[in-house]
Amino acid sequence: MFDENVDAVLISTPPDRHAEPAIAALKHGKHVLLEKPMTLSVKEAEAINEVAKESGLKFELLHVQRFYPQHAKAKELLESGAIGKLITARTVLGNNEPDVLAGRKYPGWMDALFNISVHRADLIRWLVGSEVKGVYAQVDRLLSETIEGDIRETNDHVTGILQFENGVVGTLIASKLSFHGEDRSTTLIGTKGAIITFAEGHDVVLKLSDGTTQYFDFESSHEQGVLEFTDLHERFALSILNNTPVDVTGEDGIEAVRIVEGFQKAAKEKKYTEIR
């Protein structure tokens with residue numbers, strides 16, 4: 001990190017250990033690509049972003065799911081007006097983790113809340129194109145056990161409801177318990193129809209209220225290990241070389257953490273929670 005021949009660093013430590021190396025790298029003149037979630041609190045995320053802004057260096061979050069071809073197509077169709085005015089949005093990310101059934105214990109940060117739902121918090125915010133003003137949530141530990149001595153208890157299933165500033169209502173489910181296989185569908189419902197990803201054996205389905213249906217498919221595999229290898233790393237490098245803006249900003253990272261932190265508070269207090 002402190003080598004003068006190094007221009008940029010990728011930080012992929014556990015999220016409770018993101019702030020210190022990220023801030024140190026920025027203060028030593030390194031561009032930073034940071035794994036999601038940015039941190040485990042809005043306060044800490046804002047501290048990192050403040051240093052990044054003061055440094056003038058490139059700082060980007062690895063929220064890769066925006067760049068899946070299925071999600072990019074859904075965004076394109078939505079912005080083209082294909083389904084009219086957006087009313088509601090639903091997104092699900094369920095991981096198939098059979099080790100949970102086998103009784104494997106997990107560190108608290110490898111949970112459904114910060115480790116999984118933050119993916120879809122960023123995705124749904126990006127698709128809807130509006131900030132979230134408040135949330136409801138239920139956070140459960142149905143099967144998972146926490147490793148000995150971990151100060152954070154793990155969880156394995158999150159259900160959240162999001163109220164966006166533009167009036168759209170969203171639903172988000174994040175789970176470690178999709179033992180039937182990876183579950184990653186997103187549904188955008190508008191006044192003229194719906195856009196659905198990973199549905200009916202197709203990458204994207206456009207269903208219109210006039211009864212017509214269109215299917216869109218891509219050559220990419222649906223395996224998680226393949227999907228997650230987007231071109232974001234290359235885009236980050238090009239932003240450095242060409243001095244152009246990054247795609248996923250520090251502010252984007254903060255907002256994803258804000259949503260998830262809101263879920264955490266809403267679940268604990270068992271009530272609707274305003275997050276801005």
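For segment 214-234, enumerate the residues that are at pLDDT 95 or above and either touching a Cys at 6+ places or on another chain (Cβ under 6 Å) or surrounded by 14 or more Cβ atoms within 10 Å (Cβ to Cβ) (or both).
Going through segment 214-234, the residues at pLDDT 95 or above turn out to be 214-217.
If the condition is that a residue be at pLDDT 95 or above and either touching a Cys at 6+ places or on another chain (Cβ under 6 Å) or surrounded by 14 or more Cβ atoms within 10 Å (Cβ to Cβ) (or both), then 214, 216 are the ones that fit.
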Checking residue 247 against (1) assigned to a loop (DSSP other than H, G, I, E, B); (2) without any contact (Cβ under 8 Å) to a residue 12 or more places away in the chain; (3) within 20 Å of the chain's Cα centre (by Cα), the condition it does not meet: (2)
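For segment 13-33, which positions are without any contact (Cβ under 8 Å) to a residue 24 or more places away in the chain and either part of a helix (DSSP H, G or I) or not β-branched (Val, Ile, Thr) (or both)? Walk me through how you get there before you give the answer.
First pass over segment 13-33, keeping only residues without any contact (Cβ under 8 Å) to a residue 24 or more places away in the chain: 13, 17, 20-21, 24.
17, 20, 21, 24, listed by residue number.
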Hits in segment 133-156 (condition: at pLDDT 90 or above and part of a loop (DSSP other than H, G, I, E, B)): 141, 142, 143, 155, 156
Near pairs, Cβ below 9 angstrom, 6+ apart or cross-chain, from segment 189-205 (in contact (Cβ under 8 Å) with a residue 24 or more places away in the chain and more than 11 Å from residue 216 (Cα to Cα)) to any residue that is outside any strand (DSSP E or B) and charged (D, E, K, R): 190/85; 191/85; 192/85; 192/210; 193/210
Contacts under 9 angstrom Cβ, first residue in segment 138-162 being aliphatic (A, V, I, L, M), partner surrounded by fewer than 21 Cβ atoms within 10 Å (Cβ to Cβ) and in a loop (DSSP other than H, G, I, E, B), 6 or more apart: 143/103; 147/107; 147/108; 151/108; 161/272
Residues that are on the phi < 0 side of the Ramachandran plot and not polar (S, T, N, Q), drawn from segment 195-210: 195, 196, 199, 202, 203, 204, 205, 206, 207, 208, 210
Of residues in segment 23-51 being of a type in the set (Gly, Ala, Ser) and surrounded by fewer than 23 Cβ atoms within 10 Å (Cβ to Cβ), the one farthest from the chain's Cα centre (by Cα): 29
Long-range neighbours under 6 Å by Cβ, at least six apart or interchain, first residue farther than 23 Å from residue 209 by Cβ within segment 85-112, second modelled with pLDDT under 95 and part of a strand (DSSP E or B): 92/183; 94/183; 105/145; 108/146
Elements of type helices (runs of 4 or more DSSP H) in segment 40-132, at least 3 residues being closer than 17 Å to residue 261 by Cβ: 42-55, 118-128
Number of the condition not met by residue 82 [criteria: (1) crowded, with 22+ Cβ neighbours inside 10 Å; (2) touching a residue at least 60 places away in the same chain (Cβ under 8 Å)]: (1)
Which numbered condition residue 159 fails, given (1) within 25 Å of residue 249 (Cα to Cα); (2) assigned to a strand (DSSP E or B): (1)
Residue within segment 117-126 that is crowded, with 24+ Cβ neighbours inside 10 Å, under 20 Å from residue 273 (Cβ atoms) and out of contact with any helix residue (DSSP H, G or I) (no Cβ under 8 Å at 6 or more places or on another chain) present: yes
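The values are calculated or read from the model by the stated rules, or taken from the named source; none is laboratory data. For clarity, every value in this text was computed on a predicted model and none was experimentally measured. As a convention, Cβ positions derive from the backbone with ideal geometry for all residues, glycine included, and neighbour counts pool all protein chains shown.
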